[in-house]
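Structure, as structure tokens:
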Amino acid sequence: MSVFIDSEEHIKVPDSYREVVCDIVDASLAYLSCPYPAEVEVLFTDSEGIRVMNRENRGIDAPTDVLSFPMLDFEKPGDFTCVTEGSIDQFDPETGELLLGDIVLNVDRIVSQAEEYGHTRRRELAFLVAHSMLHLSGYDHIEEDERLVMEETQEHILLSKGYTREDEKEI
């Protein structure tokens, strides 16, 4: 598994954020039984940076907490049978890793939503990464039944690594 983490020039990302991202990417892939070593790119930005990306990519001129850019088209959420082994479009030719996609995280929202929901930034970051990993793996929450499945899966991933709303560790 490779997780490439970057940030915009003016964003300082604590090492503890990087640890949480890698922990949850790994936990998500394990929970979903991804049969391939995978690659994920993560970018930290702020509200203005994500607003611009949201406008350019989704036509929504507003900041959000996280954006997900999947590289694969899943027929069923978490069903990796859509992957064609050896495909140059699906695998990094240098590493052989499955290209899952990109995650963009808004550091401003990590802080504000942690305060709003009464839990730590550590837990909020873990939640947003798990949420985005599920989007990269074909999950969605447009329909009510999809939302329920996605939320339950997110919660299983978070709990498997000890990320709870009562999380006392702060980052």
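General observations
- Of the set (1) under 22 Å from Lys161 (Cα atoms); (2) under 17 Å from the mean Cα position of the chain (by Cα), all apply to Pro35 but (2).
- Residue match in the range 136-152 (condition: under 18 Å from Phe44 (Cα atoms) and not in a loop (DSSP other than H, G, I, E, B)): yes
- Residue check, Gly101 part of a loop (DSSP other than H, G, I, E, B), under 17 Å from the mean Cα position of the chain (by Cα) and closer than 30 Å to Arg165 by Cβ: no
- Boolean, Leu148 is among the hydrophobic types (A, V, I, L, M, F, W, C) and crowded, with 17+ Cβ neighbours inside 10 Å: no
- Residue within the range 87-96 that is in a loop (DSSP other than H, G, I, E, B) and closer than 21 Å to His131 by Cβ present: no
- Inside the range 104-130, residues that are of a type in the set (A, V, I, L, M, F, W, C) and part of a strand (DSSP E or B) make up a count of 2.
- Every residue from the range 106-143 that is within 8 Å of the chain's Cα centre (by Cα), crowded, with 22+ Cβ neighbours inside 10 Å and of a type outside the set (Val, Ile, Thr): Leu128, Ala130, His131, Ser132, Met133, Leu134, Leu136
Bear in mind these aren't lab numbers, they're just calculated from the coordinates by the rules spelled out. This structure is a prediction, so every number in the text was calculated from the model and none was measured. Quick reminder, even Gly has a Cβ in these numbers, built from the backbone with ideal geometry, and neighbours come from all protein chains shown.
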